[in-house]
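Below: one structure, written as structure tokens.
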Amino acid sequence: MTDMRRTLLWVVFTMSLVLLWDGWNKHTGQPSLFGPTSRPAAGAAAPAQPSGTVPGSVPAAATIAAAAASSPAVSAPPVAGAPVAAPSRTVTVTTDVLQVSLDTRGGDVVRAELLNHVDQNDPSRNVLVFDRSPERVYLAQTGLIGAPGLPNHLTPLELQPGETTLAPGSDSVSVVFESAEQGGVKLRKTLSFGRGDYALKVRHEVINTSGEPVSPQLYTQLVRDGNPPPGESSFYFTFTGPVAYTDAAKFQKIDFGDIEDGDARFDKSADNGWVAMVQHYFFSAWLHTDPAPREFYTRKVDNNLYAVGTIYPLGSIAPGQSKTFDNLLYVGPQEEKKLEALAPGLDLVKDYGWFTILSKPLFWLLDQLHKILGNWGWAIVALVVLLKAAFYTLNAHAYKSMAKMKAVNPKVTEMRERLKDKPQQMQQEMMRIYREEKVNPLGGCLPILVQMPVFIALYWVLLSSVEMRNAPWIGWITDLSVRDPWYILPMVMTATTLLQTWLNPTPPDPMQARLMWIMPMVFSVMFFLFPAGLVLYWITNNILSIAQQYLINRRLGVS
């Protein structure tokens, strides 16, 4: 039994050191110990933009051939470097929650600023999702394919007269672009922005101006560099990259590295579903919720530049006739309750990983507590109190077992010293003492293991919830999603962890005893870099555990 416990402690201790070293490697731009990273280092340069090309366009015929081979029923969006008929300009649209820049070339969305979300790395700026700058490339593009010369995201569009700012008292503002006749069709693209809405309504109207029927296809795509978001922590990982969703395959993450290697695996076709680009707290997505055939694709666009998109066949359009197709382009925060109403499965972009089945009800309960208390910090404290109350009996059983272990420790220590040269007899005598005193050496561990999935799920709730951004608690804690600026919470966390260690029974083995004190110090290093909300959660859990354990020790007369 002693050998097994010693082995378990060494495994935990060694894994802690490995994880810390791996985090440091990622922090300094080195490859992960667990395999090549699928994301370029944070310091990687944004892709250079060749003269005369449009960022986010597909660069090479080989790439198009590969895309066509994977989806033979459709063509691919156009090649970068195609002739550009006229220079482009940007148009800025402002609402109460968004400031969006649109390029007249293709009507691309080239910049999106979230007016109600402050950039945590630079409080003087707001969060940018879409951006086209020397540091970042992240765009939303659309166009037509299926025949030569159709208007696409390289085509100059004419901005139609109209307002570009949401007026007081108005619920929406619309911006209309129109192409010249190309390939026998004209394309009218209308982007409508609603008050308080992060979902843009995008309507494509295809007008057949030729004398023959045409059968175009509409593509909607998101193009992004592979760099992680600025300021992302190296000590906890959140997924950044494309995702696809269908009713059949559900939520499918697609690593940039798999796109780079041509090994991206996801459902390629369905009559439902959507694609998105996700990062910590924010994302963008192209949505079409009506049943309609569609093809999903990914491709490498350029060095460190990737696209994910959807292609919709529009069917045959007779001469002189037109056809409209509506999409939603979402660009904003991962607000779980609002996303559930937009499209099936869209709330899954708030990624809880393996613990979704537990995390979703925990977030619901946290949200209800916030409605009552009006403060996310106190809601976290209240949620942990409720969880500890729910597990009170289970914890009591564990702490009683630990108290009994602590009570028999003097006997065990004396016996080990007496039989230190007789290891086999020592093991037999130790098991006799445990049997006579009715002590189960693992009795304190099993109840804790049962609770671990719940508390890990709560960890992911706090890490993933955009509601924690810029959310104050008390005093110096003005943002629960960033680390404590004065490191007071991590120091309290360390102190409570050491106090809890002192209350636990000390292993008879001196090496195990030393590890019991070293391990909390090792874990505390990570908590100095964790968001304040996560540290508050652990402190509350520790304090409640200490209180319960102390009362049980007193009741059993264990000091």
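The values are calculated or read from the model by the stated rules, or taken from the named source; none is laboratory data. Bear in mind the structure is a predicted one, so any value in this text is a computation, not a measurement. Methodologically, a virtual Cβ is constructed for each residue, glycine included, from the backbone with ideal geometry; neighbour enumeration extends over all protein chains shown. What goes into the accessible areas is simple: the full protein's heavy atoms, side chains included, and nothing from ligands, DNA or RNA. Shrake-Rupley method; radii C 1.70, N 1.55, O 1.52, S 1.80 Å.
Mind listing whichever residues of region 521-538 are at pLDDT 80 or above and either over 18 Å from TRP486 (Cβ atoms) or not in a helix (DSSP H, G or I) (or both)?
Answer for region 521-538, where residues must be at pLDDT 80 or above and either over 18 Å from TRP486 (Cβ atoms) or not in a helix (DSSP H, G or I) (or both): PHE528, LEU529, PHE530, PRO531, TYR537.
A quick yes/no check of all residues on (1) at pLDDT below 80; (2) acidic (Asp, Glu); (3) over 46 Å from the mean Cα position of the chain (by Cα); (4) farther than 21 Å from TRP502 by Cα:
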{"site": "VAL384", "(1), (2), (3), (4)": "no, no, no, yes"}
{"site": "LEU387", "(1), (2), (3), (4)": "no, no, no, yes"}
{"site": "PHE391", "(1), (2), (3), (4)": "no, no, no, yes"}
{"site": "TYR399", "(1), (2), (3), (4)": "yes, no, no, no"}
{"site": "VAL412", "(1), (2), (3), (4)": "yes, no, yes, no"}
{"site": "LYS422", "(1), (2), (3), (4)": "no, no, yes, yes"}
{"site": "ASN440", "(1), (2), (3), (4)": "yes, no, no, no"}
{"site": "LEU463", "(1), (2), (3), (4)": "no, no, no, yes"}
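With respect to GLY374, determine if the residue is open to solvent by 30 Å² or more (accessible area, probe 1.4 Å), out of contact with any strand residue (DSSP E or B) (no Cβ under 7 Å at 6 or more places or on another chain) and under 18 Å from SER481 (Cα atoms).
yes
Criterion first (touching a strand residue (DSSP E or B) at 6+ places or on another chain (Cβ under 8 Å) and within 20 Å of ILE456 (Cα to Cα)) does VAL349 satisfy it?
It is true that VAL349 is touching a strand residue (DSSP E or B) at 6+ places or on another chain (Cβ under 8 Å) and within 20 Å of ILE456 (Cα to Cα).
Return yes when ASN541 is at pLDDT 90 or above, under 26 Å from SER401 (Cα atoms) and either assigned to a helix (DSSP H, G or I) or open to solvent by 60 Å² or more (accessible area, probe 1.4 Å) (or both) and no when it is not.
So ASN541 fits the description; yes.
Taking region 257-277 as the region of interest, how many residues are within 30 Å of ASN116 (Cβ to Cβ) and in contact with a Pro (Cβ under 8 Å, 6 or more places away or on another chain)?
Summing the residues that are within 30 Å of ASN116 (Cβ to Cβ) and in contact with a Pro (Cβ under 8 Å, 6 or more places away or on another chain) in region 257-277 gives 3.
Of all residues in region 408-428, which are under 24 Å from LEU556 (Cα atoms) and open to solvent by less than 80 Å² (accessible area, probe 1.4 Å)?
Once the filter is applied, which keeps residues that are under 24 Å from LEU556 (Cα atoms) and open to solvent by less than 80 Å² (accessible area, probe 1.4 Å), region 408-428 yields VAL408, ASN409, VAL412, THR413, MET415.
Of LEU200, LEU191, LEU157, which residue is at pLDDT 95 or above, in contact with a Pro (Cβ under 8 Å, 6 or more places away or on another chain) and outside any loop (DSSP other than H, G, I, E, B)?
None of the other options fit; the residue is LEU157.
Just checking, which of SER124, SER174, SER101 is over 25 Å from VAL301 (Cα atoms), out of contact with any His (no Cβ under 9 Å at 6 or more places or on another chain) and either at pLDDT 95 or above or in a strand (DSSP E or B) (or both)?
Going through SER124, SER174, SER101 in turn, just one is over 25 Å from VAL301 (Cα atoms), out of contact with any His (no Cβ under 9 Å at 6 or more places or on another chain) and either at pLDDT 95 or above or in a strand (DSSP E or B) (or both): SER174.
Could you check how many residues of region 331-351 are in contact with a Leu (Cβ under 6 Å, 6 or more places away or on another chain) and open to solvent by 10 Å² or more (accessible area, probe 1.4 Å)?
Selection size over region 331-351: 1.
Could we say that ILE380 is more than 25 Å from ARG195 (Cβ to Cβ), surrounded by fewer than 20 Cβ atoms within 10 Å (Cβ to Cβ) and modelled with pLDDT of 95 or more here?
So ILE380 does not fit the description; no.
Would you be able to tell me the number of residues in region 214-231 that are open to solvent by 50 Å² or more (accessible area, probe 1.4 Å) and at pLDDT below 95?
2
Do we find a residue being on the phi > 0 side of the Ramachandran plot and either in contact with a strand residue (DSSP E or B) (Cβ under 7 Å, 6 or more places away or on another chain) or open to solvent by 30 Å² or more (accessible area, probe 1.4 Å) (or both) anywhere in region 94-105?
No, that holds for no residue.
Does ILE311 satisfy the condition of being open to solvent by less than 20 Å² (accessible area, probe 1.4 Å), over 29 Å from VAL137 (Cα atoms) and in contact with a Pro (Cβ under 9 Å, 6 or more places away or on another chain)?
So ILE311 does not fit the description; no.
(1) open to solvent by 10 Å² or more (accessible area, probe 1.4 Å); (2) in a strand (DSSP E or B); (3) in contact with a helix residue (DSSP H, G or I) (Cβ under 9 Å, 6 or more places away or on another chain); (4) within 24 Å of LEU191 (Cα to Cα): which one isn't true of LEU328, the others all being true?
All conditions pass for LEU328, except number (3).
Keeping to region 239-267, report how many residues are farther than 25 Å from VAL109 by Cα, of a type outside the set (Gly, Ala, Ser) and assigned to a loop (DSSP other than H, G, I, E, B).
Of the residues in region 239-267, 6 are farther than 25 Å from VAL109 by Cα, of a type outside the set (Gly, Ala, Ser) and assigned to a loop (DSSP other than H, G, I, E, B).
Of the conditions (1) open to solvent by 40 Å² or more (accessible area, probe 1.4 Å); (2) more than 33 Å from the chain's Cα centre (by Cα), ARG203 fails just one. Which one is it?
Going through (1) open to solvent by 40 Å² or more (accessible area, probe 1.4 Å); (2) more than 33 Å from the chain's Cα centre (by Cα) one by one, ARG203 breaks only (2).
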